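Below you'll find the structure, written out as structure tokens, and then a few comments.
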Amino acid sequence: MSYETILVDKRGSVALVTVNRPDKLNALNSTVRRELVHAFGALGADDSVRAIVLAGAGEKAFIAGADITEFAGRAPLEQRAAMRTDSVYEAASQCAKPIIAAIHGYCLGGGCELSMACDLRIASEDARLGQPEVNLGIIPGGGGTQRLPRLVGEGYAMKMILTGDFIPAAEALRIGLVEEVVPREKLLERALEIAGKIAEKSPVAVRLAREAIKAARRTGLDEGLELEGNLFAVGFSSEDKEEGVAAFLEKRKPNFKGR
């Protein structure tokens, strides 16, 4: 499928998805959301793809937020319906393949929320992250009030959301909002490197590990440990497990098939 606002570039077992509206700072309008939902679904179902990198085109922004022009005059029920239809945040979070956000420049509002729905976040030194919705008289609506405190704690989430301030990449790293900070010229290279490393692992093990880790957000410790044990046992039924063990014993690199 051809897209109007995003680019999809398959590089072996890694797919690079780029939001391509640099003149609008890659703002999330309805077309971008719809196309990202489709791309995440299609790539998730593509057995040749094992990991995804999400980036923004241009020099100024990863994603500077929602396209505010779509908010003007919109009634509450209309906005609620728009948020529920083909949620790009849930599409990212529920994608069958791990997604790494490669963040540069502005990563604000819906852009910050989309990065939090990804599995990992790598930022360049020039990145600025924030949830400035309060400045418009609204609140985050793409998961910001829920995912942000789970990543950085309630206090930092309160500070970011209630002040609407942007934080630099170094601060985002310190509080746990991003996992790495690299020079701008190394950003895409590093994100693709991590994606490539994940792509070399057993797709079965990656899928089961992601399921267990994501469950930790919504379950108690005992329930989570029970799920982990069950998923650990499921892994023993895979061909990848047999290949991984054999490769270890034979001192060679495993050739995982995802079965």
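All of LYS201, LYS257, LYS241, LYS186 fail the test of being over 21 Å from ALA117 (Cα atoms), modelled with pLDDT of 95 or more and surrounded by 12 or more Cβ atoms within 10 Å (Cβ to Cβ), apart from LYS186.
Is it true that some residue in segment 103-126 is within 30 Å of SER238 (Cα to Cα) and of a type in the set (Lys, Arg)? Yes; the residues of segment 103-126 include at least one that is within 30 Å of SER238 (Cα to Cα) and of a type in the set (Lys, Arg).
Just one of the listed residues (GLU193, GLU211, GLU223) is outside the structural domain of ALA51 (by TED's automatic domain parsing), among the charged types (D, E, K, R) and within 28 Å of GLU243 (Cβ to Cβ), namely GLU211.
Residues in segment 202-259 that are in contact (Cβ under 8 Å) with a residue 40 or more places away in the chain, over 21 Å from GLU90 (Cα atoms) and among the β-branched types (Val, Ile, Thr): VAL204 alone. Looking only at segment 94-102, decide whether some residue is under 19 Å from ARG21 (Cβ atoms), among the charged types (D, E, K, R) and modelled with pLDDT of 95 or more. Within segment 94-102, not a single residue is under 19 Å from ARG21 (Cβ atoms), among the charged types (D, E, K, R) and modelled with pLDDT of 95 or more. Taken over segment 102-130, residues that are part of a helix (DSSP H, G or I) and either touching an Asp or Glu at 6+ places or on another chain (Cβ under 7 Å) or surrounded by fewer than 24 Cβ atoms within 10 Å (Cβ to Cβ) (or both) amount to 1. Within the span defined as segment 249-259, one or more residues are under 25 Å from ASP9 (Cα atoms) and either touching a strand residue (DSSP E or B) at 6+ places or on another chain (Cβ under 8 Å) or aromatic (Phe, Trp, Tyr) (or both). Within segment 133-186, the residues that satisfy the criterion of being assigned to a loop (DSSP other than H, G, I, E, B) and either aromatic (Phe, Trp, Tyr) or more than 16 Å from the chain's Cα centre (by Cα) (or both) are GLY137, ILE138, ILE139, PRO140, GLY141, GLY153, GLY164, ASP165, PRO183.
Within segment 158-179, the set of residues being touching a residue at least 40 places away in the same chain (Cβ under 8 Å) and surrounded by fewer than 15 Cβ atoms within 10 Å (Cβ to Cβ) comprises ALA170 only.
Of everything in segment 143-157 that is crowded, with 16+ Cβ neighbours inside 10 Å and of a type in the set (Gly, Ala, Ser), the residue that is farthest from ILE167 (Cα to Cα) is GLY143.
The values are calculated or read from the model by the stated rules, or taken from the named source; none is laboratory data. Keep in mind that this is a model prediction, so the values were computed, not measured. Note: ideal-geometry Cβ built from the backbone for every residue, glycine included; neighbour counts use all protein chains shown.
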